[in-house]
Amino acid sequence: MNTKNTITNNTDSLDAVAPEVVQAKIVSAACCLDGVTGGAALYKVKGDTSKEWKSRELLIHAPYKAERAILEGMVGSIEAVLDEVGLDKARKLEITCVVYSDVIVRGFNNQKETWEANGFINRRGNKVKESRYWKQLFSLAEACKITVRKPTKYSTVLKGCTNRARMVAQAGLQYKRDAEVMAQVADAVAKDRS
(Lines give C-alpha, C1' and ligand atoms only; values in the text may rest on other atoms or scores of the structure.)
Protein backbone atom coordinates (compact mmCIF):
# COMPACT_ATOMS: atom_id res chain seq x y z
CA MET A 1 0.00 0.00 0.00
CA ASN A 2 1.40 3.33 -1.06
CA THR A 3 0.78 5.90 1.61
CA LYS A 4 2.42 9.10 0.63
CA ASN A 5 1.76 12.29 2.52
CA THR A 6 1.18 15.19 0.17
CA ILE A 7 1.25 18.71 1.44
CA THR A 8 -0.34 21.32 -0.77
CA ASN A 9 -0.14 25.05 -0.44
CA ASN A 10 -3.73 26.26 -0.23
CA THR A 11 -3.05 29.86 0.73
CA ASP A 12 -3.78 31.03 -2.83
CA SER A 13 -7.15 29.31 -2.88
CA LEU A 14 -8.21 31.12 0.28
CA ASP A 15 -7.78 34.50 -1.40
CA ALA A 16 -9.09 33.50 -4.82
CA VAL A 17 -12.84 33.25 -4.69
CA ALA A 18 -14.62 32.31 -7.89
CA PRO A 19 -16.45 35.33 -9.24
CA GLU A 20 -20.23 35.41 -9.10
CA VAL A 21 -21.69 34.96 -12.57
CA VAL A 22 -24.58 37.29 -13.33
CA GLN A 23 -26.59 36.44 -16.42
CA ALA A 24 -28.86 38.68 -18.45
CA LYS A 25 -30.91 38.28 -21.59
CA ILE A 26 -31.61 40.93 -24.22
CA VAL A 27 -34.12 40.66 -27.03
CA SER A 28 -33.91 43.30 -29.76
CA ALA A 29 -36.16 43.90 -32.79
CA ALA A 30 -36.89 46.55 -35.40
CA CYS A 31 -39.69 47.50 -37.76
CA CYS A 32 -39.43 49.70 -40.87
CA LEU A 33 -42.52 51.58 -42.10
CA ASP A 34 -42.68 54.18 -44.87
CA GLY A 35 -39.55 56.17 -44.09
CA VAL A 36 -39.26 55.52 -40.36
CA THR A 37 -37.68 52.72 -38.35
CA GLY A 38 -38.82 51.71 -34.90
CA GLY A 39 -36.63 49.71 -32.57
CA ALA A 40 -37.20 48.02 -29.27
CA ALA A 41 -35.03 46.05 -26.88
CA LEU A 42 -36.21 44.18 -23.81
CA TYR A 43 -33.79 43.05 -21.14
CA LYS A 44 -33.84 41.20 -17.87
CA VAL A 45 -31.19 40.10 -15.38
CA LYS A 46 -31.50 36.47 -14.32
CA GLY A 47 -32.88 36.29 -10.81
CA ASP A 48 -35.01 39.42 -11.23
CA THR A 49 -38.36 38.26 -9.85
CA SER A 50 -40.48 40.98 -11.44
CA LYS A 51 -42.66 39.85 -14.33
CA GLU A 52 -41.84 42.91 -16.42
CA TRP A 53 -38.83 43.13 -18.70
CA LYS A 54 -37.13 46.51 -18.80
CA SER A 55 -37.29 48.16 -22.20
CA ARG A 56 -35.64 50.63 -24.52
CA GLU A 57 -37.35 52.11 -27.52
CA LEU A 58 -36.01 54.26 -30.30
CA LEU A 59 -37.29 55.91 -33.43
CA ILE A 60 -35.10 56.65 -36.42
CA HIS A 61 -36.49 59.08 -38.98
CA ALA A 62 -34.96 57.19 -41.89
CA PRO A 63 -36.06 54.16 -43.89
CA TYR A 64 -34.48 50.73 -43.68
CA LYS A 65 -32.41 51.27 -40.56
CA ALA A 66 -33.33 47.98 -38.88
CA GLU A 67 -29.71 46.98 -38.36
CA ARG A 68 -28.96 50.29 -36.64
CA ALA A 69 -32.11 50.06 -34.50
CA ILE A 70 -31.25 46.54 -33.35
CA LEU A 71 -27.60 47.36 -32.66
CA GLU A 72 -28.45 50.59 -30.85
CA GLY A 73 -31.04 48.74 -28.77
CA MET A 74 -28.52 46.02 -27.90
CA VAL A 75 -25.75 48.46 -26.99
CA GLY A 76 -28.08 50.61 -24.86
CA SER A 77 -29.49 47.56 -23.08
CA ILE A 78 -26.04 46.10 -22.37
CA GLU A 79 -24.96 49.46 -20.93
CA ALA A 80 -28.13 49.55 -18.80
CA VAL A 81 -27.46 46.03 -17.49
CA LEU A 82 -23.85 46.99 -16.70
CA ASP A 83 -25.09 50.05 -14.79
CA GLU A 84 -27.65 47.96 -12.93
CA VAL A 85 -25.38 45.04 -12.04
CA GLY A 86 -21.98 46.67 -11.92
CA LEU A 87 -18.74 44.87 -12.63
CA ASP A 88 -15.89 44.17 -10.30
CA LYS A 89 -13.50 41.31 -9.57
CA ALA A 90 -16.18 39.48 -7.62
CA ARG A 91 -18.67 39.59 -10.47
CA LYS A 92 -18.69 38.31 -14.03
CA LEU A 93 -21.45 39.24 -16.46
CA GLU A 94 -22.75 36.97 -19.20
CA ILE A 95 -25.28 38.45 -21.63
CA THR A 96 -27.23 36.61 -24.30
CA CYS A 97 -28.63 38.79 -27.08
CA VAL A 98 -31.41 37.29 -29.18
CA VAL A 99 -32.10 38.89 -32.58
CA TYR A 100 -33.76 37.83 -35.82
CA SER A 101 -31.11 39.47 -37.98
CA ASP A 102 -28.67 37.10 -39.72
CA VAL A 103 -26.49 40.14 -40.49
CA ILE A 104 -26.05 40.96 -36.81
CA VAL A 105 -25.54 37.36 -35.70
CA ARG A 106 -22.91 36.75 -38.42
CA GLY A 107 -21.32 40.17 -37.92
CA PHE A 108 -20.84 39.67 -34.19
CA ASN A 109 -19.81 36.02 -34.33
CA ASN A 110 -17.65 36.01 -37.49
CA GLN A 111 -16.47 39.49 -38.48
CA LYS A 112 -14.95 41.18 -35.41
CA GLU A 113 -11.28 40.40 -36.10
CA THR A 114 -11.57 41.06 -39.84
CA TRP A 115 -13.38 44.39 -39.44
CA GLU A 116 -11.03 45.60 -36.72
CA ALA A 117 -7.97 44.60 -38.76
CA ASN A 118 -9.35 46.37 -41.86
CA GLY A 119 -10.42 49.54 -40.04
CA PHE A 120 -14.10 48.59 -40.40
CA ILE A 121 -13.87 48.35 -44.17
CA ASN A 122 -15.70 45.34 -45.63
CA ARG A 123 -14.38 42.98 -48.32
CA ARG A 124 -15.94 45.15 -51.04
CA GLY A 125 -13.89 48.11 -49.86
CA ASN A 126 -16.85 49.96 -48.32
CA LYS A 127 -17.21 51.23 -44.76
CA VAL A 128 -19.06 48.69 -42.60
CA LYS A 129 -22.63 49.94 -42.11
CA GLU A 130 -23.34 51.20 -38.60
CA SER A 131 -19.66 50.77 -37.64
CA ARG A 132 -20.14 53.15 -34.70
CA TYR A 133 -22.53 50.70 -33.03
CA TRP A 134 -20.44 47.66 -33.99
CA LYS A 135 -17.41 49.27 -32.32
CA GLN A 136 -19.43 49.96 -29.18
CA LEU A 137 -20.74 46.38 -29.12
CA PHE A 138 -17.27 44.90 -29.58
CA SER A 139 -15.91 47.17 -26.85
CA LEU A 140 -18.65 46.03 -24.46
CA ALA A 141 -17.82 42.40 -25.34
CA GLU A 142 -14.38 42.98 -23.83
CA ALA A 143 -15.94 43.95 -20.49
CA CYS A 144 -18.31 40.99 -20.30
CA LYS A 145 -19.15 37.78 -22.12
CA ILE A 146 -21.71 38.45 -24.86
CA THR A 147 -23.41 35.81 -26.96
CA VAL A 148 -25.46 36.87 -29.99
CA ARG A 149 -27.81 34.31 -31.50
CA LYS A 150 -31.05 33.85 -33.37
CA PRO A 151 -34.11 32.75 -31.38
CA THR A 152 -34.68 29.03 -30.97
CA LYS A 153 -38.43 29.53 -30.79
CA TYR A 154 -40.97 32.32 -31.06
CA SER A 155 -41.73 33.31 -27.47
CA THR A 156 -44.08 35.88 -25.97
CA VAL A 157 -41.04 38.04 -25.16
CA LEU A 158 -39.96 38.03 -28.82
CA LYS A 159 -43.49 38.76 -29.92
CA GLY A 160 -43.77 41.60 -27.40
CA CYS A 161 -40.46 43.10 -28.51
CA THR A 162 -41.44 42.91 -32.19
CA ASN A 163 -44.84 44.45 -31.45
CA ARG A 164 -43.23 47.22 -29.43
CA ALA A 165 -40.85 48.02 -32.33
CA ARG A 166 -43.86 48.10 -34.68
CA MET A 167 -45.76 50.45 -32.33
CA VAL A 168 -42.76 52.80 -32.16
CA ALA A 169 -42.55 52.84 -35.97
CA GLN A 170 -46.30 53.47 -36.28
CA ALA A 171 -46.13 56.33 -33.78
CA GLY A 172 -43.18 57.78 -35.70
CA LEU A 173 -45.06 57.44 -38.98
CA GLN A 174 -48.09 59.18 -37.49
CA TYR A 175 -45.85 61.96 -36.18
CA LYS A 176 -44.29 62.31 -39.65
CA ARG A 177 -47.73 62.49 -41.28
CA ASP A 178 -48.97 65.01 -38.71
CA ALA A 179 -45.89 67.16 -39.35
CA GLU A 180 -46.56 67.03 -43.10
CA VAL A 181 -50.19 68.10 -42.56
CA MET A 182 -49.10 70.92 -40.25
CA ALA A 183 -46.57 72.08 -42.87
CA GLN A 184 -49.34 72.10 -45.51
CA VAL A 185 -51.59 74.10 -43.18
CA ALA A 186 -48.78 76.59 -42.51
CA ASP A 187 -48.18 76.95 -46.28
CA ALA A 188 -51.90 77.50 -46.89
CA VAL A 189 -52.08 80.14 -44.15
CA ALA A 190 -49.00 81.90 -45.58
CA LYS A 191 -50.56 81.94 -49.07
CA ASP A 192 -53.83 83.32 -47.72
CA ARG A 193 -51.98 86.18 -46.02
CA SER A 194 -50.21 87.21 -49.19
| Structure-based [θ]222 nm, the chain - -39500 (n - 2.57) summed over DSSP H runs of at least 4, per residue, nearest 500 | -15500 deg cm²/dmol
| Neighbourhood net charge (13 Å Cβ-Cβ; Lys/Arg +1, Asp/Glu -1) for Val99 | +2
| said: Under 10 Å, Cα contacts only: if you run a Gaussian network model on the chain, which one of Gln184, Gln23, Gln174 comes out with the highest mean-square fluctuation? | reply: Gln184
| field | Segment Lys135-Thr156, extension gain: residue separation times 0.36 nm, minus the distance between their alpha carbons | value | 4.5 nm
| request: Enter the Cα centre distance for the pair the stretch 97-125 and the stretch 44-72, rounded to the nearest angstrom. | output: 20
| Leaving out ligands, DNA and RNA but keeping every protein chain, what accessible area does Ile95 have, in Å² rounded to the nearest 10, with a 1.4 Å probe? | 0
| At a probe radius of 1.4 Å, what is the per-residue accessible area of Thr156, in Å² to the nearest 10? | 120
| query | For the chain, what percent of Cα pairs sit more than 21 Å apart? | reply | 61
| message | Which of Val181, Val99, Val22 ends up with the largest GNM mean-square fluctuation for the chain, with Cα atoms connected below 10 Å? | response | Val181
| note | With a Förster distance of 35 angstrom and the Cβ-Cβ distance between Asn118 and Leu33, calculated FRET efficiency to the nearest 0.05 equals 0.55
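The values are calculated or read from the model by the stated rules, or taken from the named source; none is laboratory data. Predicted, not measured: the structure shown is a model, and the values here were computed from it. Positions of Cβ are backbone-derived with ideal geometry, glycine not excepted, and every protein chain shown enters the neighbour counts. The protein model used for the area step is the full one, side chains on, heavy atoms only, and it has no ligands, DNA or RNA in it. Shrake-Rupley method; radii C 1.70, N 1.55, O 1.52, S 1.80 Å.
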